[in-house]
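The values are calculated or read from the model by the stated rules, or taken from the named source; none is laboratory data. Every value quoted in this text rests on a predicted model; they were computed, and no experiment measured them. Positions of Cβ are backbone-derived with ideal geometry, glycine not excepted, and every protein chain shown enters the neighbour counts. Accessible surface areas use protein heavy atoms only, side chains included; no ligands, DNA or RNA. Shrake-Rupley method; radii C 1.70, N 1.55, O 1.52, S 1.80 Å.
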Amino acid sequence: MSASGPAGERAVARPAGSRTGANGTVGVAVLGSTGSIGTSALKVLARHKQRFRVVALTAFGQRERLEAQAAAFRPAFVGLVNGDASDGWRAGRACLVEAVTREDVDVVLNGIVGAAGLEATLAALAAGKRVALANKETLVMAGELVTRTAREKGGEIVPVDSEHSAILQCITGRRPAGLSRVILTASGGPFHAWPAERVRHATVAEALNHPTWRMGRKITVDSATLANKALEVIEAHFLFDLPYDRIEAVVHPQSVIHSFVEFVDGSVLAQLGFPNMELPILYALTHPERVADDGVARFDPVAAGSLTFEPVRTDVFPALALGMQAGRAGGSAPAAFNAANETAVAAFLAGRAPFGRIAEVIARVLEEQMVTDASSVEAVLEADAWARRRAAELLECS
Ligand code: NAD
Ligand code: MG
């Protein structure tokens, strides 16, 4: 079911049970606590205080929101990356690694957006922690390195992403050899039924108007281009040790089925629920156990209504095929894909590039890249930096 290394040890979702801290509760560090995933995680943690204690909180900015969270949870450690050290808080990028490597941290919930989360993911895994990973960019840009670090150092990666949580929930307790194929569901974003020409010139407000999920701005744009599904295909490849020809995507506009898993005998399991990240966040913290929780609306098939499926319109949303192509190329290609996407999305959100330009820039960067080995941090960061520079140049001349 999961990435097994030469030693036969899993990097992904080892049976837990050993994550309880000294005083009987599990110490949690929430990175990106002021974001969409971070605030959902704190809602979950507030409902489960007997089991978890919040030990560390970090954010990039949003000092006031972080102050309110620190007052509510009284963590031992607070880090504000883009701030100055005051009130006992830590500042600067180094605070992320400091937070995740603390003795009293058992589980790291990484809710940082983008490549900025890589160092903390690696440091947490190297320190033998469980990483409840929402920050999928980490696994895309450095999948080989991240899974190897987990295997070699006793760390564990448990996905928060709803599709990957669904897969993990379907395969837990079953033999890896029985897994045949996974089908990731995609809402299709706000433009799934729009004509191609209208999609090319979609505005920022239109792209941010996601039909089923309320999320941060970057992932919301990724959902509109379907680059998010490409990131998730690569994420699934590394998490579940599956070749790309056994990972598919289907558009499911209602976002009720979070993914399908097919077994070798042809049987298919799926995990369902109304779209809400609190459930996969809780599962990532407790896997393989389930903990009673009354915080999320119970499923009602009648209220869910008709569930429909459509093929991805690959001609209108080329980012999915581009990402899969980068995944298959392997090495540094996924890092280049991710970096080009982050750069182009930032330009789109800043009003400096039309929506259709995002996929064009990714395509050009992938065409021009030299695919190298990506088994060291240096190699990954070099590919990331090159792709960002090249994407920025291409965006300047558009
Ligand atoms: P967001 O923009 O709402 O929040 C991002 C958080 O990261 C904020 O707390 C911000 O302060 C912090 N951050 C940003 N840049 C940083 C930096 N350079 N250093 C340190 N911290 C930094 O984003 P989000 O929607 O919560 O998404 C977070 C991650 O979770 C992304 O990788 C996204 O793809 C993934 N994810 C999100 C959802 C969702 O429902 N929001 C679902 C699945 C996966
Ligand atoms: Mg997802």
Checked region 84-120 for anything open to solvent by less than 30 Å² (accessible area, probe 1.4 Å), more than 10 Å from ligand 1 (Cβ to nearest atom), farther than 9 Å from Leu31 by Cβ and outside any loop (DSSP other than H, G, I, E, B); matches are Val107, Leu118
Those residues of region 217-257 which are within 15 Å of ligand 2 (Cβ to nearest atom), open to solvent by 30 Å² or more (accessible area, probe 1.4 Å) and part of a loop (DSSP other than H, G, I, E, B) amount to Gln254
Here the qualifying pairs (Cβ atoms under 8 Å; residues six or more apart or on different chains; first in region 156-181 and farther than 19 Å from Ala134 by Cα; second away from ligand 1 (no atom under 15 Å from the Cβ) and assigned to a helix (DSSP H, G or I)) come out as Ile171/Phe240; Leu179/Ile171; Leu179/Phe240; Ser180/Arg246; Arg181/Arg246
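Residue by residue, here is whether (1) part of a loop (DSSP other than H, G, I, E, B); (2) within 17 Å of Ser259 (Cβ to Cβ); (3) away from ligand 2 (no atom under 15 Å from the Cβ) holds:
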| residue | (1), (2), (3) |
| --- | --- |
| Cys170 | no, yes, yes |
| Trp194 | yes, no, yes |
| Arg198 | no, no, yes |
| Ala202 | yes, no, yes |
| Thr212 | yes, yes, no |
| Met215 | yes, no, no |
Of the residues in region 127-150, those that are of a type in the set (D, E, K, R) and either within 16 Å of ligand 2 (Cβ to nearest atom) or surrounded by fewer than 23 Cβ atoms within 10 Å (Cβ to Cβ) (or both) come to Lys136, Glu137, Glu144, Arg148
Within region 64-81, residues open to solvent by 70 Å² or more (accessible area, probe 1.4 Å) and part of a helix (DSSP H, G or I) come out as Glu64, Arg65, Glu67
The one condition Ala46 fails out of (1) away from ligand 2 (no atom under 16 Å from the Cβ); (2) open to solvent by 40 Å² or more (accessible area, probe 1.4 Å); (3) in contact (Cβ under 8 Å) with a residue 12 or more places away in the chain; (4) within 30 Å of Ala336 (Cβ to Cβ) is (4)
The helices (runs of 4 or more DSSP H) lying wholly within region 281-381 that contain at least 3 residues that are in contact (Cβ under 8 Å) with a residue 40 or more places away in the chain are 319-329, 333-349, 357-368
Over region 183-216, the set of residues surrounded by fewer than 24 Cβ atoms within 10 Å (Cβ to Cβ) and among the β-branched types (Val, Ile, Thr) is Ile183, Val199, Thr203, Val204, Thr212
Taking region 113-126 and keeping only residues that are among the aliphatic types (A, V, I, L, M) and within 16 Å of ligand 2 (Cβ to nearest atom), one is left with Val113
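Yes/no matrix, rows are residues, columns are (1) at pLDDT 95 or above; (2) open to solvent by less than 40 Å² (accessible area, probe 1.4 Å); (3) of a type in the set (Phe, Trp, Tyr):
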residue: Tyr283; (1), (2), (3): yes, yes, yes
residue: Arg328; (1), (2), (3): yes, no, no
residue: Ala339; (1), (2), (3): yes, yes, no
residue: Ala346; (1), (2), (3): yes, no, no
residue: Ile358; (1), (2), (3): yes, yes, no
residue: Val365; (1), (2), (3): yes, yes, no
residue: Val377; (1), (2), (3): yes, no, no
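For region 172-192: of the residues being among the β-branched types (Val, Ile, Thr) and either touching an Asp or Glu at 6+ places or on another chain (Cβ under 6 Å) or not in a strand (DSSP E or B) (or both), which is farthest from ligand 1 (Cβ to nearest atom)?
Let us first name the residues in region 172-192 that are among the β-branched types (Val, Ile, Thr), namely 172, 182-183, 185.
Filter again for either touching an Asp or Glu at 6+ places or on another chain (Cβ under 6 Å) or not in a strand (DSSP E or B) (or both), leaving 172, 183.
Details: Thr172: 19, Ile183: 18 Å.
Among those that are among the β-branched types (Val, Ile, Thr) and either touching an Asp or Glu at 6+ places or on another chain (Cβ under 6 Å) or not in a strand (DSSP E or B) (or both), it is Thr172.
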